[in-house]
């Protein structure tokens with residue numbers, strides 16, 4: 001076990017899709033309580049990078065270490081990597097609460113069933129306890145009244161808040177947000193950002209891929225700017241947005257505003 | 001913004017039509033006369049005599065329907081699954097099986113299995129002396145197997161589409177939370193696929209009900225066979241057949257209501 005304050009350490013991550021190299025060696029360390037915002041233009045590799053952390057995309061090279069435990073990888077025989085121990089990956093994934101751009105709630109379950117599914121059927125928590133925790137979480141994200149509704153009957157913002165409650169229910173070490181507001185109508189973005197902002201305030205470790213620059217500036221403790229599969233610049237949000245050093249970041253920020 | 005906007009024509013919703021409009025009253029009267037004629041002028045006095053056998057026949061039809069549908073569905077799940085997940089040789093095998101069964105008439109399959117397999121079995125003393133022979137000597141196992149295989153092949157195709165149609169993101173979410181592969185299949189993929197396939201399965205089960213009378217051609221006694229017997233005994237043509245139509249209609253209606261109930265337990269919107 002290394003330093004326990006280190007929640008995630010990613011070193012020299014590469015990802016190739018055929019001839020296209022999307023990530024060209026990205027390293028990132030998140031300490032406990034960090035809120036890291038990853039920004040960058042489309043095609044910069046930021047979503048791919050996030051999905052490599054919990055191995056939804058298999059990196060072509062590099063290591064991922066969660067809470068001091070490095071995910072064991074071996075060669076897949078085609079110049080890439082694959083996990084050498086599926087059980088280890090599954091165990092580590094239960095410590096990472098992922099929130100997707102398109103919510104990905106299970107449509108055949110009610111909101112509450114979605115929230116308690118992983119605690120009960122993956123973590124082996126007794127059902128009544130999971131329901132208790134689940135209802136408390138739904139109250140937090142303001143969906144307690146909707147707990148018996150099916151996802152198809154909720155607005156996008158409500159679905160995303162339910163998805164956040166689902167991710168929180170596993171009591172994750174780190175929360176991963178993959179563009180959580182990009183699929184929402186503009187008027188629904190606020191309610192989701194409020195929930196994420198509250199989580200940031202209570203010093204939850206989070207890695208957040210986002211297009212909401214204003215939000216990133218407010219809640220992030222650290223901002224990473226990805227460009228063409230490499231970290232172009234990183235630092236505290238005030239510096240990044242107030243006094244960007246690299247030309248590309250300057251251009252990117254001015255194109256957003 | 002004082003531009004003149006032409007007023008839209010006022011929308012008048014169509015008047016709710018009453019049941020008592022003249023042309024409807026006329027049609028109701030015609031229908032009532034037909035029913036009256038059927039009941040009054042046709043011969044129904046044979047029903048009490050055959051009541052017991054008819055109920056037995058209905059029971060046999062329902063047993064045959066549900067046993068083959070349930071067993072067939074259990075085969076359909078792996079048939080659909082391997083076509084989506086592979087491995088390739090298994091997928092081809094499943095595809096070939098579904099194509100073969102779906103591409104040939106059910107009656108032909110039934111006769112091939114009953115007359116073909118049945119006579120082959122009878123040639124082997126090992127089989128004739130085995131504990132299975134008392135069953136293999138009867139007709140219903142062949143009817144059961146044929147109907148089950150047929151249902152499995154059609155539903156295998158339906159389940160293939162249903163498995164493939166479950167949104168990738170939902171599967172991915174289950175993976176991202178560390179779900180094991182079997183748990184993912186049992187908790188997310190399969191129930192989601194069945195949910196998607198339910199409306200189709202309703203229709204297929206109704207079709208299966210209407211395939212069951214074919215077993216009467218290999219001497220299995222279902223409700224159709226009982227009605228045939230009535231026709232032979234009484235020399236009546238229309239009355240037994242009309243009753244048979246009514247029986248199938250009622251069974252279909254009850255099945256559709258039951259399936260709707262199950263479907264509505266998980267409401268869907270849009271899709």
Hey, among A:92, A:170, which residue is closer than 24 Å to residue A:36 by Cα, in contact (Cβ under 8 Å) with a residue 40 or more places away in the chain and surrounded by 21 or more Cβ atoms within 10 Å (Cβ to Cβ)? A:170
I'd like the residue in the range A:117-134 that is in contact (Cβ under 8 Å) with a residue 40 or more places away in the chain and surrounded by 23 or more Cβ atoms within 10 Å (Cβ to Cβ) and, out of all such residues, is nearest to the other protein chains (Cβ to nearest Cβ). A:118
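Given the criterion within 25 Å of residue B:208 (Cβ to Cβ), modelled with pLDDT of 85 or more and surrounded by 15 or more Cβ atoms within 10 Å (Cβ to Cβ), identify the matching residue among B:70, B:63, B:58. Before you say what the answer is, go through the steps one by one.
On the way: B:70 fails: surrounded by 15 or more Cβ atoms within 10 Å (Cβ to Cβ); B:63 fails: surrounded by 15 or more Cβ atoms within 10 Å (Cβ to Cβ).
Exactly one residue qualifies, and that residue is B:58.
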Does residue A:76 fit the bill of being out of contact with any helix residue (DSSP H, G or I) (no Cβ under 7 Å at 6 or more places or on another chain) and surrounded by 15 or more Cβ atoms within 10 Å (Cβ to Cβ)? no
Taking the range A:44-64 and keeping only residues that are away from chain B (no Cβ under 14 Å) and in contact (Cβ under 8 Å) with a residue 60 or more places away in the chain, one is left with A:44, A:45, A:46, A:49
What number of residues in the range A:91-111 are within 19 Å of residue B:169 (Cα to Cα) and either over 20 Å from the mean Cα position of the chain (by Cα) or facing chain B (nearest Cβ under 7 Å) (or both)? 12
Checking the structure you have, find out if any residue of the range B:257-271 is away from chain A (no Cβ under 14 Å), crowded, with 17+ Cβ neighbours inside 10 Å, closer than 30 Å to residue B:137 by Cα and in contact (Cβ under 8 Å) with a residue 12 or more places away in the chain. no
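Can you tell me which residue among A:137, A:154 is away from chain B (no Cβ under 14 Å) and more than 24 Å from residue B:180 (Cα to Cα)? Please lay out each step first, then the result.
On the way: A:154 fails: away from chain B (no Cβ under 14 Å).
The match here is A:137.
Residue by residue, here is whether (1) surrounded by fewer than 17 Cβ atoms within 10 Å (Cβ to Cβ); (2) modelled with pLDDT of 90 or more; (3) assigned to a helix (DSSP H, G or I); (4) more than 12 Å from every other protein chain (Cβ to nearest Cβ) holds:
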{"residue": "B:170", "(1), (2), (3), (4)": "no, yes, yes, no"}
{"residue": "B:192", "(1), (2), (3), (4)": "no, yes, yes, no"}
{"residue": "B:195", "(1), (2), (3), (4)": "no, no, yes, no"}
{"residue": "B:199", "(1), (2), (3), (4)": "yes, no, yes, yes"}
{"residue": "B:205", "(1), (2), (3), (4)": "no, yes, yes, yes"}
{"residue": "B:209", "(1), (2), (3), (4)": "no, yes, yes, yes"}
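Say we look at the range B:155-168 and pick out the residues that are in a helix (DSSP H, G or I) and surrounded by fewer than 19 Cβ atoms within 10 Å (Cβ to Cβ); which of these is nearest to the other protein chains (Cβ to nearest Cβ)? Steps first, answer last, please.
To start, the set of residues in the range B:155-168 that are in a helix (DSSP H, G or I) comprises B:155-165, B:168.
Still in the list and also surrounded by fewer than 19 Cβ atoms within 10 Å (Cβ to Cβ): B:161, B:164-165, B:168.
Numbers: B:161: 17, B:164: 16, B:165: 12, B:168: 9 Å.
The selected residue is B:168.
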Matching residues, the range A:35-54, being surrounded by 21 or more Cβ atoms within 10 Å (Cβ to Cβ) and over 12 Å from the mean Cα position of the chain (by Cα): A:39, A:40, A:44, A:45
Test of understanding: among A:47, A:42, which residue is part of a helix (DSSP H, G or I) and within 30 Å of residue A:248 (Cα to Cα)? A:47
Being on the phi > 0 side of the Ramachandran plot and either at pLDDT below 85 or more than 14 Å from chain B (Cβ to nearest Cβ) (or both) narrows it down to one residue among A:142, A:190; which is it? A:142
Residue by residue through the range B:172-187, note down the ones that are facing chain A (nearest Cβ under 9 Å) and either surrounded by fewer than 23 Cβ atoms within 10 Å (Cβ to Cβ) or without any contact (Cβ under 8 Å) to a residue 12 or more places away in the chain (or both). B:172, B:173, B:175, B:176, B:177, B:178, B:179, B:180, B:181, B:183, B:186, B:187
Test residue A:88 against the criterion of being at pLDDT below 90, more than 9 Å from chain B (Cβ to nearest Cβ) and outside any loop (DSSP other than H, G, I, E, B), and give yes or no. yes
Need a quick list: helices (runs of 4 or more DSSP H) entirely within the range B:1-114 having at least 1 residues that are over 23 Å from the mean Cα position of the chain (by Cα) and more than 21 Å from residue B:193 (Cα to Cα). B:22-41, B:47-85, B:88-102
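The values are calculated or read from the model by the stated rules, or taken from the named source; none is laboratory data. Just so we're clear, the structure is a prediction, and the values are computed from it rather than from any experiment. No Cβ is skipped: glycine too gets one built from the backbone with ideal geometry, and neighbour counts run over all protein chains shown.
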